[in-house]
Amino acid sequence: MQTYTRITVICCLLLLLGAGYTPAAEIGPEAGKLAPSFTLKDVGGRDVSLSSYRGKVVLLNFWATWCPSCRDEMVPFNNLYASLADKGFVVLAVSIDPSLRPLKSFAAEKRLAFPVLWDKDKEVYFDLYAVLGLPTTLLIDRNGVVAEKIIGDRDWSSPEMKNRILTLIKRK
């Protein structure tokens, strides 16, 4: 999407918000809808496609290294991934960092075991998923359908969050 088109979209959203319209749950893919597929490079330069994880439960997180609450979620995501990967669970962390260097450094420092992807042009973040704030996380079921959209940070180390994911894993 070209810059002037993004500016037009943002201006329209601001006008709607000013008129009292609250789009947070209505923008981007909704629960019950198929998650749009995409392919991005990971921090190692390999192509990673959402569609290649069909059959697994996916935690799709939009974040950036400059976002403190986003950074705080990464270790709990890593722990969830480590404990549930063998049950058909994967974490995909899509960063909108302006540069790859801090992203690679952070992923290495925290020893993130799941795919860390770079959306350098924000095409997945903005154009495809219409994310308006960070962090935003989608739980996607085995069929590629959005089960839940979570705006803002959560305590991903809590039993409640793990149980939400386990429920999706057990569902066929």
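Apart from one condition, residue 122 fits all of (1) on the phi < 0 side of the Ramachandran plot; (2) free of Cβ contacts under 8 Å to residues at least 40 places away in the same chain; the exception is (1). Taking every residue in the range 131-159 that is more than 17 Å from residue 57 (Cβ to Cβ) and pairing it with any residue that is of a type in the set (Ser, Thr, Tyr), at least 6 positions away or on another chain, the pairs with Cβ-Cβ distances below 8 Å are 131/125; 134/69; 135/69; 136/129; 151/136; 152/69; 152/136; 153/69.
Candidates in the range 112-152 are the residues that are under 14 Å from residue 65 (Cα atoms) and either among the charged types (D, E, K, R) or out of contact with any strand residue (DSSP E or B) (no Cβ under 8 Å at 6 or more places or on another chain) (or both); of these, the one that is modelled with the highest pLDDT is 119. Considering every residue within the range 79-92, establish whether at least one is surrounded by fewer than 14 Cβ atoms within 10 Å (Cβ to Cβ), without any contact (Cβ under 8 Å) to a residue 40 or more places away in the chain, farther than 20 Å from residue 135 by Cα and of a type in the set (A, V, I, L, M). Checked the range 79-92: at least one residue is surrounded by fewer than 14 Cβ atoms within 10 Å (Cβ to Cβ), without any contact (Cβ under 8 Å) to a residue 40 or more places away in the chain, farther than 20 Å from residue 135 by Cα and of a type in the set (A, V, I, L, M). For residue 6, the conditions (1) modelled with pLDDT of 90 or more; (2) touching a helix residue (DSSP H, G or I) at 6+ places or on another chain (Cβ under 7 Å); (3) over 18 Å from residue 138 (Cα atoms); (4) assigned to a helix (DSSP H, G or I) all hold with the exception of (1). Among the conditions (1) surrounded by 13 or more Cβ atoms within 10 Å (Cβ to Cβ); (2) touching a residue at least 40 places away in the same chain (Cβ under 8 Å); (3) not in a helix (DSSP H, G or I), the only one that residue 55 does not satisfy is (1).
Within the range 101-124, the presence of a residue that is surrounded by 19 or more Cβ atoms within 10 Å (Cβ to Cβ) and hydroxyl-bearing (Ser, Thr, Tyr) is excluded.
Residue 153: assigned to a loop (DSSP other than H, G, I, E, B) and not aliphatic (A, V, I, L, M), yes or no? In short, yes. Can residue 100 be described as at pLDDT 95 or above, under 18 Å from residue 136 (Cβ atoms) and aliphatic (A, V, I, L, M)? No; evaluated as a whole, the condition is false for this residue.
The values are calculated or read from the model by the stated rules, or taken from the named source; none is laboratory data. All figures in this text were calculated on a predicted structure; none of them were measured in a lab. Please note: Cβ atoms are built from the backbone with ideal geometry, for glycine as well, and neighbour counts cover all protein chains shown.
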